[in-house]
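Taking it in order: structure first as structure tokens, then the write-up.
The values are calculated or read from the model by the stated rules, or taken from the named source; none is laboratory data. None of these values were measured; they are calculated from a predicted model. As a convention, Cβ positions derive from the backbone with ideal geometry for all residues, glycine included, and neighbour counts pool all protein chains shown.
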Amino acid sequence: MIITRTWLNNFIDIEKISNEKLYETFNSIGLEVDSMKTYYIPSKVVIGEIISCEKHPNADKLNVCQINVGDATHQIVCGASNVVDAKYVAVATIGAKLGDDFEIKKATLRGVESSGMVCSSTELGLPNTGDGIMILDESIGEIVVGKELNEYPKVADTVIELELTANRGDCLSVHGVARDLSAALDIPMNNLEYGSDNKIKLGLARVAELKTSGSINGKLKYTMVDIDELHTSFVISLRLAFINELQKDNLNNIVKYIIHT
């Protein structure tokens, strides 16, 4: 069972609990910690806001972007095709070190100056969240242009893998793990409100009634869903990538996220 700190924090406030304390507590209640890893985003990687994006004059597969990084607007050449759809991105500014021996410097790409790099998740040491660059949104927290990405806990998260025994099916969800942790740490579970703002009314070609045949011994609720367009937030994609469940189908991703949560 794989969880993350901030995912747990949806259900129980553990912001003041250290990783060491979590490790000890999990093991003491029979949820053996197999691994615990904190992801750190390199310094000088900040949130950038794309002001404009135009085709490179000398290369069909490159784009020339003007990106606000808080204290200035930098021109950055990017080869990812999805940059044209992005507003907020992760920008490695001049001097940032990605990996052991790759430092961001000013460069000239096909005759155009580039001052920085727009990053994909893997270039920052995170799991793969999809093709191209990372497109950020407010699911990570309040977007502050120029703020270092490492200051966002939902990005620089801690991933915890628990080894569950066969009798602990109650902990096969983040909520189940949080419930056990709540009892062990004497921290109350968060009060969460669930609701629906479904305003779709019955109309032409819509199902008005759903009937079952045969004898069903149970109380079941059926809900018809009208799927027009699905989008998964960056944090949902990242968390699914952390647990190795991210797919290209957004409907499957949403279902997997709900089940795991």
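Might you let me know whether region 17-33 holds any residue that is part of a helix (DSSP H, G or I) and among the aliphatic types (A, V, I, L, M)?
Quick first cut of region 17-33, residues part of a helix (DSSP H, G or I) only: 19-28.
Those still in the list that are among the aliphatic types (A, V, I, L, M) too: 22.
Taking every residue of region 17-33 in turn, at least one turns out to be part of a helix (DSSP H, G or I) and among the aliphatic types (A, V, I, L, M).
Kindly evaluate Ile104 against the criterion of being buried (at least 20 other Cβ atoms within 10 Å of the Cβ) and either under 17 Å from Val155 (Cβ atoms) or not aromatic (Phe, Trp, Tyr) (or both).
For Ile104, the condition - buried (at least 20 other Cβ atoms within 10 Å of the Cβ) and either under 17 Å from Val155 (Cβ atoms) or not aromatic (Phe, Trp, Tyr) (or both) - is met.
If I filter region 216-230 for residues that are surrounded by 10 or more Cβ atoms within 10 Å (Cβ to Cβ) and at pLDDT 70 or above, do I get at least one hit?
Yes, there is a match, as at least one residue in region 216-230 is surrounded by 10 or more Cβ atoms within 10 Å (Cβ to Cβ) and at pLDDT 70 or above.
Among the numbered conditions (1) surrounded by fewer than 14 Cβ atoms within 10 Å (Cβ to Cβ); (2) in a helix (DSSP H, G or I), tell me where Asp180 comes up short.
Condition not satisfied by Asp180: (1).
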